[in-house]
1. Is one or more of the residues making up segment 18-36 over 30 Å from R140 (Cα atoms), surrounded by fewer than 15 Cβ atoms within 10 Å (Cβ to Cβ) and more than 18 Å from the chain's Cα centre (by Cα)?
2. For segment 1-94, give me every one of the strands (runs of 3 or more DSSP E) that falls completely inside it and has 2 or more residues that are in contact with a strand residue (DSSP E or B) (Cβ under 6 Å, 6 or more places away or on another chain) and modelled with pLDDT of 95 or more.
3. For segment 98-132, which residues satisfy the criterion of being under 18 Å from the mean Cα position of the chain (by Cα), more than 18 Å from A20 (Cα to Cα) and in a helix (DSSP H, G or I)?
4. Please specify each residue of segment 85-135 satisfying the condition of being exposed (fewer than 15 other Cβ atoms within 10 Å of the Cβ) and under 16 Å from V48 (Cβ atoms).
Amino acid sequence: MLTVAGAAFWTLPGIETANAEAARAERKVIEIVNQPITHLPRSGPVDVFSPGWFHAGAAKPDFNTVDIRSTQERNYAGHVTSDLNPTEMFNGSELEFNAMTKYFYTDRTLPKKRLSSSEMVEINGLYRVIGRDEQAVLIRWLSIVALAIAGFGCAAFLLVRRTGSLAAG
């Protein structure tokens, strides 16, 4: 029983480490994806996106396999705005939409900066860290559950055995 408890406690720091590493990777993704963009006062004709810049919701990426370079959309040309920003306009050539980074958008009232190839490669790497750590945490929790079940099974076996010995004696 002590071995089971020790093994469970040995596993817990690994969960904390994986969670911390994933959190650092997520913060870096948020920093890259939500970079500032150029705001210009609205003047002249502009394409207006409505309602807002993005549809509601965001799919959680498959962090182990997605390549955000293949999901980058460059839907903006010339100067653009949204019904959310009627007094401003933005350079469409500086903007993008990416369904696989939308999960990390912190301000959906503004369009997102077009990411460079190196930024997308960096995010892909960070996604792999997040995916690996999510799997590591799951495996460690499953290990703890398995150890707990084994411990309870051993305890039950010993209790039944002891009870059987007492009844026989």
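The values are calculated or read from the model by the stated rules, or taken from the named source; none is laboratory data. Please read all numbers here as calculations on a predicted model, not as lab measurements. Cβ placement follows ideal geometry from the backbone for every residue including glycine, while neighbour counts extend to all protein chains displayed.
1. yes
2. 79-82, 88-91
3. K102, Y103, E119, M120, V121, E122, N124
4. Residues satisfying the conditions are P86, T87, T109.
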